[in-house]
1. Considering only region 368-407, how many residues are open to solvent by less than 60 Å² (accessible area, probe 1.4 Å), in a loop (DSSP other than H, G, I, E, B) and hydrophobic (A, V, I, L, M, F, W, C)?
2. For region 180-209, what are the residues that are among the polar types (S, T, N, Q), surrounded by 17 or more Cβ atoms within 10 Å (Cβ to Cβ) and either assigned to a loop (DSSP other than H, G, I, E, B) or under 23 Å from the mean Cα position of the chain (by Cα) (or both)?
3. Looking only at strands (runs of 3 or more DSSP E) that fall completely inside region 471-565, which ones have 1 or more residues that are out of contact with any Cys (no Cβ under 9 Å at 6 or more places or on another chain) and modelled with pLDDT of 95 or more?
4. Hey, can you tell me all the residues within region 279-301 that are part of a loop (DSSP other than H, G, I, E, B) and either of a type in the set (Ser, Thr, Tyr) or surrounded by fewer than 17 Cβ atoms within 10 Å (Cβ to Cβ) (or both)?
5. Which ones in region 243-278 are in a helix (DSSP H, G or I) and either open to solvent by less than 50 Å² (accessible area, probe 1.4 Å) or closer than 14 Å to VAL307 by Cβ (or both)?
6. Select the helices (runs of 4 or more DSSP H) contained entirely in region 1-112, then report the ones holding at least 1 residues which are under 27 Å from the mean Cα position of the chain (by Cα) and among the aromatic types (Phe, Trp, Tyr).
7. Can you say whether ILE124 is open to solvent by 20 Å² or more (accessible area, probe 1.4 Å), part of a helix (DSSP H, G or I) and closer than 22 Å to GLU276 by Cα, as far as the supplied structure shows?
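The values are calculated or read from the model by the stated rules, or taken from the named source; none is laboratory data. A quick note: this is a predicted structure, and the numbers were derived from the prediction, not measured. Cβ atoms come from the backbone with ideal geometry, glycine included; neighbour counts cover every protein chain shown. The area values use the complete protein model at the heavy-atom level, side chains included, leaving out ligands, DNA and RNA. Shrake-Rupley method; radii C 1.70, N 1.55, O 1.52, S 1.80 Å.
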Amino acid sequence: SLSKLDLHNVYLPPFKGAIDAGCRTLMTTFSEVNGVPGTAHEYLLEGVLRQLWGFRGFVVSDWNSVVEMIAHGYSADGAEAARQALTAGVDMEMVSPAYHQHLATLVKEGAVPESAVDEAVRRILRVKFELAWGAKSQIAAGDSLGRAAERAVMRPRSLELARRLARESVVLLKNSEQTLPLNRDALRRIAVIGSLADDAKSQLGCWSLDGDARETVTALEAIRNAVGESAEVVYSRGASADFSTDASGLKVAAELAAGADVAIVFVGEDALLSGEARSRVELSLPGVQSELVRAVATTGTPTVIVVLAGRPLTIGAECEVVDAVLYAWHPGTMGGPAIADVLFGSAAPSGKLPVTFPKHVGQTPLYYGHMNTGRPSPKSYQPLSASGQKDLPVDFQYRSHYLDSDPFPLFPFGYGLSYTTFAYDELQVSTDEIAAGQTLGVTARVTNTGERSGTEVVQLYVRDLVASVVRPVKELKAYRRVYLRPGESRIVEFALDASDLAYLDAEGKPVLEPGEFAVGIGGDSSVELDGRFQLNASGSMQEKRPAAVARRPGDGVKQHGREAD
C-alpha cells in the first residue's frame, strides 16, 4: 500500500530514468499495488507509463503472473485474467497461456476490443523491427547476435572492465590503524579464511544465468597471484556462507590465523541466499560465520573481513572486533583480482554505499531520505538499555526512537572510506534567490588531507524546508567523482536547476513551490545542510518558466556519477 505521493516521488522515478535512458520493455510486478495486481494495473501501465511518460515500447507480464492473479483473488479464471491484463496494457504474456487460450474467444464475445489486440501486437513488432535494423549488419555478415555476444564477453578488454567495475564497487567501511592496504613486502604468511574466498559460483551472485563459474577468478587465487613467492598463503574454509551450523572448521581457522601476519576472512551470503524470493527474517551473518570472525579476531592477528553479500547485513558486532572491513557484494567474474587490488593497494577504494546499513533488523526500513516527525530524536540520544536508569531523561522522552537502540544507522547511505582522508569547507551558493527556469551554482572545496592519492565521490544534498506536503530531510541531487593527490584541493561545482527542486503531486505532475531550501556538499548523507537559498516560484513547472537565468557555474553541467575530471 503506497500513497500516490510516495509512488511518484520514491518508487517510480527509477523506472522513469530507465525509460529516459532508452529502455524499450518493462515487466509488471507480481505484487499488487494499492489492491490491484501489477499485471492488471491500468493506472500504472496506461495512465503513468504511456499517457504521462509517453512510453512507446511494450510491456511483458512477469513469469506466469497473468494466471497468478487468480491466486491473488483478483481474477475468477484464466479468461478473466487474460481480459484484465490485456485491457490494462500488458502486451506480451510470459509463460502462462491465458492469451493464447482465451483472447480470440474474448474478442469474438466483445469482451476485449480487437483494436486492443492490434495495439499490443503493434507495440511488440515496432520494438522488434527497430532492434532488427540495429542488428542488420551483424546478421548480414552471417553472424547471430548470440554468437557475437558470446565471443565478446571474455575478451581481455571486457575482463579488465569487469575488474575495474568490481574494484570501484568495493566499499571500505572500517580501517583501524591503517591496516589496509597490506604491505606485501612485510608479509611472510597470510591466512585466507572462509568458504567465499574460493567460491566461484557465489562470486557471480544471484541471477547470473549467463555467468560461467569456470571463468571466475576467486579471491584466494587472486591473493596468491598478487603475492607470488614473497609470502605463503594458507587457506581454511572455516565456515559455510549459508545456514549450516557446522562449527568444526573454526578451530583450524583460528590456528592458521594465529600463525599468520594477517588474517583475511571472507564472510557473507552465498549466491543462493540472495535474489528473488530469497527474503530473510534476520540480517545477521548466516550460520556460524559470526563465531568464525570472533575466533579469528581473538587470536590477536590483524584481521580483515571481506563481506560478499547481496544485501546490507547487520555486521556491527563483527566490525567492532576486526581491524578492517571491505564490503564487496557479489563482484562477478573478476571480483577476486579486484578485491586483491584493493587489499594490497594497487587501487584505492572509492565505492560508496547505495543503501543505508541498519544496526539491527528491527530498524528496517531505514533510509536517509525519510520524512521528519514532529518529535525527531536528538543526535545525542542514548537508549534506555544502555543508560542504567529506570527511564529516559525528560529531553529524550516521547520522541521517535527505540528504548533498546538508537535510531541511527550502522553506516549511512553514501558512506565509504578511502586510503586517504578528505575534508570539506567553503560551501557557497552563487545567489541567494532563484526562480523557475534558473540555475543555482553550489560549490565547496574538497581537500585530500591524507598521504595517498584517492578518488572521492562528492555528493550534493538538498532539503525543502517548508512545503505543502512534508518533504524528506535530505535528497541526493547530484554527485561527482574527484581524484585528488595528497594535499591537493579542488573547488567542486554543481549546477542545481530549479526543476531539481520540484516534487511530484499525486498525479505525477511536477510542482515547484516558493520557499527556503537548505543545501550541503559532503562525502555521505550525514552531511550538514549549511547552505541556504530562496526559490521564488509557484504552481506547476509547465505553468511557470521564467526566462531569467541566475549566474551559472563555470563549467555549468551537473555530473551524475561520471568521471568529471
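1. 1
2. Of all residues in region 180-209, those among the polar types (S, T, N, Q) come to 183, 195, 202-203, 208.
Checking the rest, the ones that are also surrounded by 17 or more Cβ atoms within 10 Å (Cβ to Cβ) come to 195, 202-203, 208.
SER202, GLN203, SER208 - these are the residues of region 180-209 that are among the polar types (S, T, N, Q), surrounded by 17 or more Cβ atoms within 10 Å (Cβ to Cβ) and either assigned to a loop (DSSP other than H, G, I, E, B) or under 23 Å from the mean Cα position of the chain (by Cα) (or both).
3. Numbers: elements: 475-484, 489-497, 515-522, 531-536, 560-563.
Because the criterion is at least 1 residues that are out of contact with any Cys (no Cβ under 9 Å at 6 or more places or on another chain) and modelled with pLDDT of 95 or more, the strands (runs of 3 or more DSSP E) in region 471-565 that meet it are 475-484, 489-497, 515-522, 531-536.
4. Once the filter is applied, which keeps residues that are part of a loop (DSSP other than H, G, I, E, B) and either of a type in the set (Ser, Thr, Tyr) or surrounded by fewer than 17 Cβ atoms within 10 Å (Cβ to Cβ) (or both), region 279-301 yields SER279, ARG280, VAL281, GLU282, SER284, THR298, THR299, GLY300, THR301.
5. Residues of region 243-278 in a helix (DSSP H, G or I): 250-258, 271-273.
Selection gives LEU250, ALA253, ALA254, LEU256, ALA257, ALA271, LEU273.
6. Details: elements: 13-20, 69-72, 78-88, 98-108.
Result: 13-20.
7. Working: open to solvent by 20 Å² or more (accessible area, probe 1.4 Å): yes; part of a helix (DSSP H, G or I): yes; closer than 22 Å to GLU276 by Cα: no.
Considered against the rule, which asks whether it is open to solvent by 20 Å² or more (accessible area, probe 1.4 Å), part of a helix (DSSP H, G or I) and closer than 22 Å to GLU276 by Cα, ILE124 comes out as no.
Here's the yes/no breakdown for (1) free of Cβ contacts under 8 Å to residues at least 12 places away in the same chain; (2) open to solvent by 50 Å² or more (accessible area, probe 1.4 Å); (3) closer than 17 Å to TYR415 by Cα; (4) among the charged types (D, E, K, R):
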site	(1), (2), (3), (4)
GLN438	no, no, no, no
THR443	no, no, no, no
VAL446	no, no, yes, no
GLY454	no, no, yes, no
GLN459	no, no, yes, no
ASP464	no, no, no, yes
ALA467	no, no, no, no
LYS474	no, no, yes, yes
